[in-house]
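Beneath this line is the structure, given in structure tokens, with notes to follow.
The values are calculated or read from the model by the stated rules, or taken from the named source; none is laboratory data. Worth saying up front: this structure is predicted, and the values here are computed from it rather than measured. Neighbour counts run over all protein chains shown; Cβ positions are idealised from the backbone, glycine included.
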Amino acid sequence: MAVANSIPRWRVLATFCVAFAIMVANNGFPLGGLTIFDTYMLRETGASIGGLRVRDTITVVVLGLSVPFAGYVIDRFAVKPVILVGLTLMAVGLLAYPYVGSLWQIYGLHVLLGLSEATCGVVSCVYLISNLTDRFRGPALATLIAGSSLGNAIVPQFNAWLLTFLPWREAVSVGGWIAVLLVPLVLIFVYEPRAQREIAPAAPTPGVTPSRDSSLGRTLRSRNFLLLGLIAALTVFSVLVLATNLALAFPGQGPKLLFALFGTAVVAQVLAGFAAYRWPAGRVHAVLLTLLVAGSVSVAVGPGAWLTAGVALFGFGWGGNSAMLQVRPTVLFAGPALGRTLAVLAVFETLGGGLGPTVAGVLRDLAGNYSLAFELSIALTGLAFLLSLAFSNARQPRVVPS
């Protein structure tokens, strides 16, 4: 991993490892990991599936509304304190879970978990690592983003194992204690340069001039940013439809299918970063969205015997897409406003994706099955692919060493 500003390599690696662990925990426990406990929550609260799914919508909507403020604080002050605040909120939210007695109390805890996602999630970790790497930023960020999928792949298995000897309420609280353990690791090992106002840009492809206007306003008005935002909203909607409903849609197969979904996403996220290092990012992104569409079709209309393969294909397309949604802005819009740029992009992701769990749950309650919800995912991922072909600069820059 090439480092920026002559920062000692060991400090970069230590910071990266802690950031990766945060990505695993912060995504795995509040999101995919909680779905393992859905049947217990439905039974004890008497809620409908749509009502319980509002829990996940609250998480991502709060994330979307609060992440611009987190991005401002990161740009204006520092990222390390923001991460510590996020871990504290995650610990409080999960450690309070054993005491919930109603759906409204669950909703309240997910406000805290949404704030946690905003402050120690993708935006903070991507910003931190972007300041510590330059030439190999693409592979570094893609590997970091893979931590989010790894969390959603392994935490459900971990929680299912906990249920073999712990009541579900105590099993939920384990994630909170893990957040507590991460706090001293951040204090000891995470390195944040004193001057982070300018992020070293990734070296461009010869003959290709990316847009590097540091003005936030111009960035947000650009065609490419709008397209990235729409693609993010449509694809995150679709992945949250699957991620939050697989355990209920296919009883007894939840942990296996979640592992297939996010396990392949981990592989795709790492490969996407190296692919962007070798080929134009726009072309790589379009190919990955094609796989996402194919996976959506396989899950919705494919034969039951191919269900796991279809979920895995969807996960591979999603994983690569999620990596590209983080790599491309750091290439196209690098500058002192990158934290806010990533934050606004996260608003698209979370406000669009926040509708996914609830819409899918309501459609299931109305239709008696998930067919309509999964078919809707086909339409939305197909639209995202078409949007990927409309970027104003067809020759997107690659992330290559100088």
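Points worth noting:
- Restricting segment 98-125 to residues that are surrounded by fewer than 24 Cβ atoms within 10 Å (Cβ to Cβ) and hydroxyl-bearing (Ser, Thr, Tyr) leaves a set whose member that is farthest from Leu181 (Cα to Cα) is Ser102.
- Residues of segment 282-292 that turn out to be among the hydrophobic types (A, V, I, L, M, F, W, C) and either at positive phi or crowded, with 24+ Cβ neighbours inside 10 Å (or both), as a count: 4
- The one condition in (1) modelled with pLDDT under 85; (2) out of contact with any Ser or Thr (no Cβ under 9 Å at 6 or more places or on another chain); (3) in a helix (DSSP H, G or I) that Lys256 fails to fulfil: (2)
- Within segment 45-71, considering residues that are assigned to a helix (DSSP H, G or I) and of a type in the set (Ser, Thr, Tyr), the one farthest from Ser102 (Cα to Cα): Ser66
- The C-beta contact set for segment 62-80 (first residue among the aromatic types (Phe, Trp, Tyr), second residue modelled with pLDDT under 80 and surrounded by 18 or more Cβ atoms within 10 Å (Cβ to Cβ), distance under 9 angstrom, 6+ apart or interchain) comprises Phe69/Ala343; Tyr72/Gly339; Tyr72/Arg340; Tyr72/Ala343.
- So Ala275, is it under 20 Å from Ser388 (Cβ atoms) and surrounded by fewer than 22 Cβ atoms within 10 Å (Cβ to Cβ): no
- Residue list for segment 363-390, filter: surrounded by fewer than 19 Cβ atoms within 10 Å (Cβ to Cβ) and touching a Gly at 6+ places or on another chain (Cβ under 8 Å): Asp365
- Segment 29-84 - residue that is charged (D, E, K, R) and within 25 Å of Leu163 (Cβ to Cβ) and, of those, surrounded by the fewest Cβ atoms within 10 Å (Cβ to Cβ): Arg43
- Scanning segment 219-277 for residues that are of a type in the set (D, E, K, R) and either without any contact (Cβ under 8 Å) to a residue 40 or more places away in the chain or farther than 26 Å from Arg328 by Cβ (or both) yields a total of 2.
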